[in-house]
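Worksheet: the structure to be examined is printed underneath.
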Amino acid sequence: MKKLYFITVMLLINLSTYAQNGVIKGVVKDAFTNEPIPFANIIIYSSTQGTTTDLDGNFEFNGLKSGFIKLQLSSVGYKGIITTEFNITQVRPNYVEIKLEATTEQLDEVKVSASPYANRAEAPVSLRRIGIEQIEKNAGANRDISKVIQSLPGVGSASTFRNDIFVRGGGPSENRFYIDDIEIPNINHFTTQGASGGPAGILNVDFIREVDFYSSAFPASKGNALSSVFEFKQIDVNSDKPNFKATLGASEVSLTTMAPLGEKTGLIASVRHSYLQFLFDALGLPFLPTFTDFQFKTKTRINSRNELNFLGVGAIDKFKLNPSPEPSEQNAYILGYIPTNNQWNYTIGSSWKHYLERSYFTFVLSRNHLNNTAYKYQDNIETPENLLSNYSSDEIENKFRVEYTTRPNDYTINVGGDLQYINYQNSTYSKIFEGNQATIRNYDSQLNFFKWAAFGNVSHPLFDNRLTLSAGLRLDANNYSAAMNNMIQQLSPRAAASFMLLPELYLNTNVGRYYQNPAYTTMGFRDNNQTLVNKQKGLKYIHADHFVAGLELRPNASTRVTLEGFYKKYADYPFSVKDSVSLASKGGDFGVFGDEEVTPTSNGQAYGFEVLYRTQNRKGLSLITAYTFVRSEFTDYKDDLVPSSWDSRHLFTLSVNQRMKRSWEVGMKWRFVGGLPYTPYDYNKSSLIAAWDVKNQQYLDYSAYNTQRLTSFHQLDLRVDKSYDFKNWTLGFYLDIQNVYNQQAQQAPNLVQSLDDNGNAIINATDPSRYALKELNGTSGTVLPTIGLMIEF
């Protein structure tokens, strides 16, 4: 046995020492004309290995070892850049297209050093870029982009088992996501309809090259966001021959392929399927989720003036109850109220870029569809008389957007417009407790309406590049109601400035107004008379005014230090008539967000500051440390400002990765999240038999809205990666351990029924109209080790 073990180890060591055959090749082009740039200088960053492009802008590096590299480019008449990471393997050549922007620098102008960190004139503040190495190797994330984002300043999370993100005190419904210019409304499985959270991400990181994250200073072309915008950029596709990558992850198996579809077209596609239902059943949990997702992208280089992309993202999510979970009060409580839920969704779209002499058009056409169903029976016995709720909904968006981008005389101009056709359907049957009695909500809703927008932005450097100014404007409207169909009422101006105080020190600022359409669930809500009650109450666009200012220190190309202060002022947020709270504090749980009667009367504010230190060195060390102080408050029924559900106050993250010899890499992440507010339960209402039997869980006391606060939570995650290179394939594995020291996150207390020895609910001895209830206190969090395998061939 020892001999076999020795032979296996030596075989791995010897086979992994094949000649270094990694390849990266591609083309360098002008960002505005798409013409190739000859004789551009390219070096592998932090090395002496370099080359130049040929007459057609092509370049190639051979004989590279596996791992992540960056490229540094320079060319006469163009701004130099340092790219984000590319993942080099011995199986397939990497193909990249790199765009350079022309410059009209004079000899006495200030030279701005190239940097791998994102820097845009319209967003000198609140913009962070995440590269593929950070996504792949982030400890505790298991290659889930929604968890990786939690390493960035201003980003908080409300739960250890969900991907809801709240940015600078804003709720999970205030974020928007784009992949290669196409909006993707849902990036999580089992998504909360009307918001954006869920327990697991849909996107396969094998497709992702980099992510730009805006927590303010949103591009004028990207509307309908109040807290953040994410722009995912996918890898370039130009495979010489088919290759495959199989991955066994924490919760799913996946297969990704890259292949040529012709001389001018390449494809990357993947499918993933989870095995969570087996894990949850083995652990004795009360529910059994399973999901499947797909993703694809094609790119066709028609000619030097025209490029066409197609992409698709979709998921099928099934959620059923476990009939025989581990017996516990917690599991019985969850089985009592949680519904059976099934979802599917997809987004398909295309983008066409047409280049002119010094400008280009971008045309984007897409369609997305979410189907969401959920039902619940009393005691989970599926008979007609036991039906408590039955919900079915479809959200369909058909979108077209056109943009024109040009750069005359160092003015960068982007203008355009978009048009959307919305179809929303909702069929709701639900037993509810309202007005001190049990009643039924029963309605069918159908909405069909248009949304449209126009936008523009211009930026220009001044005073020999020491000052950069940017100004933008966006107008939105729809024909849902008279309160929303006037574009002037949704006029959202924005302006930004960046001033060089010293060669390494910048003063940056941004101010802007941003509008967001209410959730379709809110727009389509009806009473039992089939009346659109929220339309009658003057439902309108929500808006937030952002004010951001900060200092940025760039001591070298690999290090960035920022200090930013921010203030967000909200107005016209929907306010729940039933609960007398702002919808700004909802949307962080499973189910549906916004399907209730509201008034557009809630106001709020979020403010604080962020400190970020980020660096990478030549020895393979990558470090991100970020601290955020944030307050988030919205008006209650007395019009007083009270803490929102995202008022965490303190957020701190330390994320470290270190490359080692022989293709080893180690990483850690430590996260601290201040305790979030919560609302105590209403025992008097909850104990009523008529109230409990339609919900099977406690009712909250909204007169004491968010007056309690959970304890703070912190967690340490560790990760180790190792890869082996063989002749025609590679093998990689990782060990990821979440919550190493088993920190327990406090949960808000719940109420459960007191049961007799036969398992029957006990009736209150002094009041037969009430159940006897008791408090159930719980925590979440466990040590979660995961081993992942990746095979590429």
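Descriptive notes on the structure:
- Conditions (1) in a helix (DSSP H, G or I); (2) of a type in the set (A, V, I, L, M, F, W, C); (3) under 17 Å from L651 (Cβ atoms): number failed by I135: (3)
- Test: residue in the range 575-582 that is open to solvent by 50 Å² or more (accessible area, probe 1.4 Å), assigned to a strand (DSSP E or B) and touching a residue at least 40 places away in the same chain (Cβ under 8 Å): no
- Scanning the range 711-734 turns up at least one residue that is closer than 28 Å to S580 by Cα, of a type outside the set (F, W, Y) and out of contact with any helix residue (DSSP H, G or I) (no Cβ under 7 Å at 6 or more places or on another chain).
- Looking across the range 586-630 at every residue that is of a type in the set (K, R) and surrounded by fewer than 16 Cβ atoms within 10 Å (Cβ to Cβ), the one that is modelled with the lowest pLDDT is identified as R618.
- Any chance A571 is open to solvent by 10 Å² or more (accessible area, probe 1.4 Å) and of a type outside the set (V, I, T): yes
- Of the residues K727, K722, the single one that is surrounded by fewer than 19 Cβ atoms within 10 Å (Cβ to Cβ), among the basic types (K, R) and in contact with a strand residue (DSSP E or B) (Cβ under 8 Å, 6 or more places away or on another chain) is K722.
- Selection count where residues are among the β-branched types (V, I, T), within 30 Å of the chain's Cα centre (by Cα) and open to solvent by 60 Å² or more (accessible area, probe 1.4 Å), scope the range 459-500: 0
- Residue satisfying condition, being open to solvent by 10 Å² or more (accessible area, probe 1.4 Å), in contact with a helix residue (DSSP H, G or I) (Cβ under 6 Å, 6 or more places away or on another chain) and touching a residue at least 12 places away in the same chain (Cβ under 8 Å), within set S251, S227: S251
Quick grid of which residues meet (1) under 30 Å from S254 (Cα atoms); (2) without any contact (Cβ under 8 Å) to a residue 60 or more places away in the chain; (3) open to solvent by 50 Å² or more (accessible area, probe 1.4 Å); (4) not hydrophobic (A, V, I, L, M, F, W, C):
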{"site": "D736", "(1), (2), (3), (4)": "yes, no, no, yes"}
{"site": "N739", "(1), (2), (3), (4)": "yes, no, no, yes"}
{"site": "A745", "(1), (2), (3), (4)": "no, no, no, no"}
{"site": "P749", "(1), (2), (3), (4)": "no, no, no, yes"}
{"site": "L755", "(1), (2), (3), (4)": "no, yes, yes, no"}
{"site": "G759", "(1), (2), (3), (4)": "no, yes, no, yes"}
{"site": "A765", "(1), (2), (3), (4)": "no, yes, yes, no"}
{"site": "T782", "(1), (2), (3), (4)": "yes, yes, yes, yes"}
{"site": "P785", "(1), (2), (3), (4)": "yes, yes, yes, yes"}
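- Yes/no for A315 being touching a residue at least 40 places away in the same chain (Cβ under 8 Å), assigned to a loop (DSSP other than H, G, I, E, B) and crowded, with 20+ Cβ neighbours inside 10 Å: no
- Test: residue in the range 267-288 that is surrounded by fewer than 18 Cβ atoms within 10 Å (Cβ to Cβ) and polar (S, T, N, Q): no
- Reported count of residues in the range 318-340, each being under 20 Å from F190 (Cα atoms) and either open to solvent by 60 Å² or more (accessible area, probe 1.4 Å) or in contact (Cβ under 8 Å) with a residue 60 or more places away in the chain (or both), is 7.
- The range 230-243, residues that are at pLDDT below 90, open to solvent by 20 Å² or more (accessible area, probe 1.4 Å) and of a type in the set (A, V, I, L, M): none
- Listed by first and then second residue, the pairs linking a residue in the range 680-708 that is touching a residue at least 40 places away in the same chain (Cβ under 8 Å) and polar (S, T, N, Q) to a residue that is open to solvent by less than 30 Å² (accessible area, probe 1.4 Å) and in a loop (DSSP other than H, G, I, E, B), with Cβ atoms under 6 Å apart and 6 or more places separating them unless they lie on different chains, are S686/Q698; S686/Y699; N706/T679.
- Single unsatisfied condition, S46 versus (1) open to solvent by less than 70 Å² (accessible area, probe 1.4 Å); (2) under 30 Å from E357 (Cβ atoms); (3) of a type in the set (S, T, N, Q): (2)
- Odd one out for V642 among (1) under 27 Å from D701 (Cα atoms); (2) among the aliphatic types (A, V, I, L, M); (3) more than 26 Å from the chain's Cα centre (by Cα); (4) open to solvent by 30 Å² or more (accessible area, probe 1.4 Å): (4)
- Hits in the range 549-559 - residues which are at pLDDT 95 or above and open to solvent by less than 20 Å² (accessible area, probe 1.4 Å): G550, E552
- Restricted to the range 42-100, the set of strands (runs of 3 or more DSSP E) holding at least 1 residues that are of a type outside the set (D, E) and under 21 Å from Q616 (Cα atoms) comprises 50-52, 58-64, 67-69, 71-74, 86-88.
The values are calculated or read from the model by the stated rules, or taken from the named source; none is laboratory data. All figures in this text were calculated on a predicted structure; none of them were measured in a lab. Please note: Cβ atoms are built from the backbone with ideal geometry, for glycine as well, and neighbour counts cover all protein chains shown. To get the accessible areas, we keep the full protein, side chains included, count just its heavy atoms, and leave off ligands, DNA and RNA. Shrake-Rupley method; radii C 1.70, N 1.55, O 1.52, S 1.80 Å.
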